[in-house]
1. Mind listing whichever residues of the stretch 396-423 are open to solvent by 20 Å² or more (accessible area, probe 1.4 Å), modelled with pLDDT of 90 or more and more than 21 Å from V581 (Cβ to Cβ)?
2. Does P624 meet the test of being of a type outside the set (S, T, N, Q) and either modelled with pLDDT under 85 or touching a strand residue (DSSP E or B) at 6+ places or on another chain (Cβ under 9 Å) (or both)?
3. State which residue is nearest to S4 (Cα to Cα) when the search covers only the stretch 183-206 and only residues that are open to solvent by less than 30 Å² (accessible area, probe 1.4 Å) and not charged (D, E, K, R).
4. Check off (1) within 33 Å of the chain's Cα centre (by Cα); (2) part of a helix (DSSP H, G or I) for M335 and give me the number that stays unchecked.
5. Tally the residues that are on the phi < 0 side of the Ramachandran plot, part of a loop (DSSP other than H, G, I, E, B) and over 32 Å from the mean Cα position of the chain (by Cα), restricting the search to the stretch 494-524.
6. Show the residue pairs meeting these rules: Cβ distance below 7 Å; 6+ apart or different chains; first residue within the stretch 494-507 and surrounded by fewer than 14 Cβ atoms within 10 Å (Cβ to Cβ); second residue of a type in the set (A, V, I, L, M).
7. When you check N255 against the structure, is it farther than 24 Å from Y200 by Cα and either open to solvent by 10 Å² or more (accessible area, probe 1.4 Å) or outside the structural domain of F199 (by the TED database) (or both), yes or no?
8. Quick test for you: out of E364, E358, pick the one residue that is in a helix (DSSP H, G or I), of a type outside the set (A, V, I, L, M), open to solvent by 10 Å² or more (accessible area, probe 1.4 Å) and under 21 Å from V788 (Cα atoms).
Amino acid sequence: MQPSLEKLRKFFRLEHENGYANTAIIGGLAEMLNYWEGEARADSLNEEVIQAVVQRLRSYDGLSPQSRADALKGLWKRIGDAYPEAQQKPKSANQPEGPKETRPSHPQSESPRAESPKREHHEQRPRPAPQPRSETVAGARHSSTPAALDAKLTVLQGVGPKNAETFAKLGMVTLGDMLYYYPRRYDDYSQLKPIKDLFYGEQVTVIGTIQSVHTRQIRGGKASIVEVIIGDGTGALRLSYFNQPWLANRFKQGNAISVSGKVDQYLGRLVMNSPDWEPVEVENLHTNRIVPVYSLTERVTQKWLRNVMKQVVEYFAPAVPDALPESVRNAARVMPIGEALLQIHFPSSQEKLNAARERLAFDEIFYLQMGVLRQRRDWLSVDGRRFVLPDGTFDSLKTGLPFTLTAAQERAIADIRRDLDSGKPMNRLLQGDVGSGKTVVAALAAVVITSNGAQAAIMAPTSILAEQHYRNFTNLLKDSLKPEEIRLLTGDTPESEKEEIRNGLANNTIKIVIGTHAVIEPNVQFADLQFVVIDEQHRFGVEQRAELRSKGTNPHLLVMTATPIPRSLALTLYGDLDISVMDEMPAGRIPINTFVLRPQERERAFTLLRGQIKDGKQAFIIYPLIEESEKIEAKAAVDDYETLSKEVFPDLKLGLLHGKMRPSEKDETMLKFRDKAYNILVSTTVVEVGVDVPNATVMIVEGADRFGLAQLHQLRGRVGRGSDQSYCLLIPTREDATENERLQIMAESNDGFVLAEKDLQIRGPGEFLGTRQAGFANSLRMASITDVKLIEKARAQASAVFEKDADLSQPEHKLLAESLGRFWGEGKGDVS
């Protein structure tokens with residue numbers, strides 16, 4: 001079985017054992033998508049299976065435990081239909097995944113269980129371990145790495161074969177891997193705060209003794225809260241764990257625990273909601289040191305793992321040779337790698353820990369930049385066909401448009417025309433805010449290509465977006481191309497029509513094809529593909545973009561996104577691309593009025609909505625969840641759809657749209673809404689990308705505090721696409737979230753670029769990364785994409801090395817070259 005399926009089975013099994021509490025992975029099952037999607041494509045898994053897993057896990061957090069169990073069972077059955085080997089050795093009916101391993105029972109276990117001797121003789125299928133940590137860490141492996149670091153973990157005292165299996169689940173196979181298994185956080189016993197000095201909003205670690213443990217039922221017995229009171233002699237703090245009843249047995253009165261989390265407020269008292277916790281080790285209290293806290297797997301304790309780590313790190317870290325040339329280290333003022341590894345695991349002070357983080361983060365950004373520079377050089381080293389359209393012809397094209405281009409559109413078109421006439425393949429990112437008119441820029445660029453006898457392909461992430469582009473292209477280019485020369489190709493296209501389109505592309509009678517993944521199917525061949533446009537490119541994997549480009553000979557490439565990308569992120573991830581920014585709205589576009597309402601003001605929102613519908617307009621109501629969750633206190637689309645359609649708006653027609661629907665159902669619902677069959681569309685964030693409904697003027701976002709600014713801005717962009725005043729009403733989950741900083745920023749600004757910078761500062765890079773460079777997104781373990789100073793420093797050093805020795809062939813760059821190759825790996829990056 002493919003390693004990516006084995007990994008999936010392991011996490012599904014663990015999730016089952018945890019009672020479908022979404023705790024198999026820290027942060028929830030959806031966190032695994034950051035790396036699993038890339039691994040699955042590397043394993044050549046069926047794209048439909050990959051998309052099924054992605055969609056199911058993205059919505060998993062919002063499901064009830066029973067719905068989660070059903071979802072995983074159904075998903076595993078679907079995988080089994082596609083890959084029968086995944087169904088071998090089936091478990092009992094209530095478990096969705098493959099066989100459960102016999103758990104190791106060892107001295108380090110917190111609660112060892114006696115196991116039947118018979119089970120020891122059952123053959124266990126060995127599982128492929130996750131990729132070793134040190135294979136993907138910047139500078140971790142090269143020819144000078146001590147051979148001892150390749151030794152298996154069984155060489156360590158107290159680590160037998162079964163312990164080694166447990167380590168393998170964490171990605172540690174060799175001693176070298178242990179050096180790069182960084183702590184997930186630290187408990188700073190030298191800076192402990194007494195409970196009486198805590199204040200609201202603070203992220204802290206507190207130590208206290210458990211005074212009481214109570215469980216109470218809520219929601220009519222459907223859910224429960226475990227409440228723990230801890231005290232430290234200066235005060236008491238309440239800890240609340242929502243719907244995790246088993247914790248009541250883990251907390252024992254009189255035990256000392258350390259808890260880490262955000263200090264919240266409830267009825268005027270300070271509380272912590274679901275903080276991290278662990279038993280206190282007395283020796284740490286007395287040493288006043290900063291203690292690492294590692295991610296664990298089943299039946300491994302912090303204490304035991306720390307002791308093993310200490311053996312390895314203190315002995316081997318100083319022996320690790322540094323792949324970064326001394327000249328770069330000195331110029332960047334970063335500590336040697338050996339000291340950084342020692343300090344990242346067992347810091348002697350906060351200053352040393354910060355310096356270690358900076359060194360390891362510098363390495364990651366440095367290697368990232370070196371790879372991006374190399375990709376850009378490789379792209380520019382090949383020749384591209386020149387395409388020119390005389391100014392007079394081009395001006396008459398623009399004159400024929402039903403509107404006047406903005407200055408930003410004119411600039412972007414000038415950039416593209418210059419690229420097309422450069423003799424090198426264009427490699428440009430066109431980023432424009434929602435509604436800034438990127439489609440017309442792509443359409444005019446396509447005409448330059450088709451006027452010279454070549455072909456263009458436009459790929460969009462969904463069939464409804466592809467259809468929207470198709471309508472726009474045929475309308476904009478009606479004077480330049482015949483209708484039969486522009487065709488739409490999606491999964492829903494009838495087979496007879498697909499065959500006709502394939503023939504037209506092969507004999508060059510079709511000049512432009514617009515479609516979804518169907519465009520990159522192996523049997524779609526072009527006579528002369530010279531221009532590739534990829535829309536909402538962060539939704540496509542590296543391989544898919546490469547596949548489309550490979551259908552032509554060094555074609556010109558334009559990637560478009562409506563997600564405004566902050567400067568620091570563009571520098572880091574898109575340094576290989578030329579960037580055109582469209583930061584100007586077409587004339588006549590009215591700014592959307594945005595308001596933050598308190599939950600009890602919901603009726604005001606509904607009154608506005610009714611007034612707009614009375615005027616013949618339409619509205620969206622967006623929810624963060626599909627179904628009501630026992631773990632998350634937020635409103636959900638399916639549940640509220642019933643209430644809204646039967647009680648609140650019984651006289652109106654409502655549609656429902658969410659991620660669990662089949663693609664064909666989603667498209668049908670969206671088309672009905674566009675064609676005014678529904679007055680209101682109740683939806684989750686699946687409407688976020690690009691759908692054009694000019695008649696919609698109201699966007700109500702429930703649970704708005706659960707969304708990032710970039711996402712809220714995308715959602716807001718679904719309205720205001722016509723000539724009427726539009727409204728966006730943000731309703732947070734709770735009253736005290738109304739002052740939420742992000743929501744106020746939304747109310748104050750319609751500028752996506754301003755919001756993107758703010759979101760990057762507040763939430764980090766997750767929303768912008770998508771599947772860009774799917775391979776290395778998982779390699780950034782230390783670097784923060786928000787750290788512009790570090791990025792610019794690493795970029796400057798990478799550029800200096802690249803200018804001096806682009807091929808890294810000089811002796812002092814030998815180790816650097818090897819490390820760079822490992823960091824990027826086979827096919828890890830992509831020029832788009």
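1. D421 - this is the single residue of the stretch 396-423 that is open to solvent by 20 Å² or more (accessible area, probe 1.4 Å), modelled with pLDDT of 90 or more and more than 21 Å from V581 (Cβ to Cβ).
2. When the stated conditions are applied, P624 passes them.
3. Selected residue: P183.
4. (2)
5. 5
6. N507/A527
7. Working: farther than 24 Å from Y200 by Cα: yes; either open to solvent by 10 Å² or more (accessible area, probe 1.4 Å) or outside the structural domain of F199 (by the TED database) (or both): yes.
Yes.
8. E358
The values are calculated or read from the model by the stated rules, or taken from the named source; none is laboratory data. Everything numeric in this text was worked out from a predicted model, so none of it was measured. Quick reminder, even Gly has a Cβ in these numbers, built from the backbone with ideal geometry, and neighbours come from all protein chains shown. Calculation scope for accessible area: heavy atoms of the full protein, side chains included, ligands and nucleic acids excluded. Shrake-Rupley method; radii C 1.70, N 1.55, O 1.52, S 1.80 Å.
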